[in-house]
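First up is the structure itself, then whatever we jot down about it.
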Amino acid sequence: MEENIDSSQKPQRVSIGAPGELHRKTLRIAFVTLLLSTLYAVFRYNILGSVPIKDIPLFVFNKGISLSSLVLLTASFSISPLTNLGLKIPSYYVNSRHVYGMIGFILTLIHVFMSLILFNPVMYAKFFLENGSLTFTGGLSILGGILSIAILWFYNWNSQHQLKESKLFNQFTTSRKLILTTLFFVAVHLFFMGYKNWISPSTWQGGLPPISLISFVVFSIGFTINIFGRK
């Protein structure tokens, strides 16, 4: 389905390799998002929390990557719906939303690879039973993550290789149903990842909100925007 965007804000295809201020500004915003997310993770886990410094390169950095990827993906999916709701979005953000989505997708892939390395009963004991098998909630969280990354890959691939001879296929990959389905599986992944910890502030590392909770709040805002604003 066509996205209802004011003609003065019609998106322009932006290539990550293209030079210019638009490209540089997009990368700067993405970098700052990653930096702030990582600094929060370090502050929460290492400075105020009990996680040793040795875990910064993988465990802690992976937390920062997961938060920044979700922020960028949510922003990418929410910009057009916001314009449909009547909010005046600067043309720069409308034109660069596909790039934010691509960067968010790349960070998501990095998050997946790092998580595969870290995923074991020692690092994520709450997801495993004593016999080494996954708990029910652990399985749901992993399933939600797998399904969401599969749909994101499908969406990102089509945005780069749109099939001119298949208008219906292109409409499906940008349809309201597919976007909301993707966001739903992200919600499943986040919710079952940490909901038990969300309701127990006394267990929060450093006394600060878990990154999964912050991610879920960001997602919830984006999901609501897409429900009401995506055509």
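The values are calculated or read from the model by the stated rules, or taken from the named source; none is laboratory data. These figures come from a predicted structure and were not determined experimentally. Using ideal geometry, Cβ is built from the backbone for each residue, glycine included, and neighbour counts are taken over all protein chains shown.
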> If the Cβ limit is 7 Å and pairs must be 6+ apart or interchain, which residue in region 76-90 that is within 13 Å of G222 (Cβ to Cβ) pairs with which residue that is assigned to a loop (DSSP other than H, G, I, E, B)?
Replying inline: I79/I89; S80/E3; S80/I5; P81/R230; L82/I89
> How many residues does region 107-134 contain that are more than 11 Å from F192 (Cβ to Cβ), among the charged types (D, E, K, R) and assigned to a helix (DSSP H, G or I)?
Replying inline: 0
>> With the structure loaded, tell me whether T137 is closer than 21 Å to F216 by Cα, in contact with a Ser or Thr (Cβ under 8 Å, 6 or more places away or on another chain) and either in a helix (DSSP H, G or I) or modelled with pLDDT of 85 or more (or both) or whether it fails that test.
In response: no
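Going by the conditions given, is K88 of a type in the set (K, R), assigned to a helix (DSSP H, G or I) and over 23 Å from L213 (Cβ atoms)?
The answer is no for K88.
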> Inside region 45-64, can you point out the residues that are touching a residue at least 12 places away in the same chain (Cβ under 8 Å) and assigned to a helix (DSSP H, G or I)?
Replying inline: Y45, N46, I47, I56, L58, F59, V60, F61, N62, K63, G64
>> Only one of S78, S91 is surrounded by 21 or more Cβ atoms within 10 Å (Cβ to Cβ), among the hydroxyl-bearing types (S, T, Y), at pLDDT below 95 and farther than 20 Å from L116 by Cα. Can you tell me which?
In response: S78
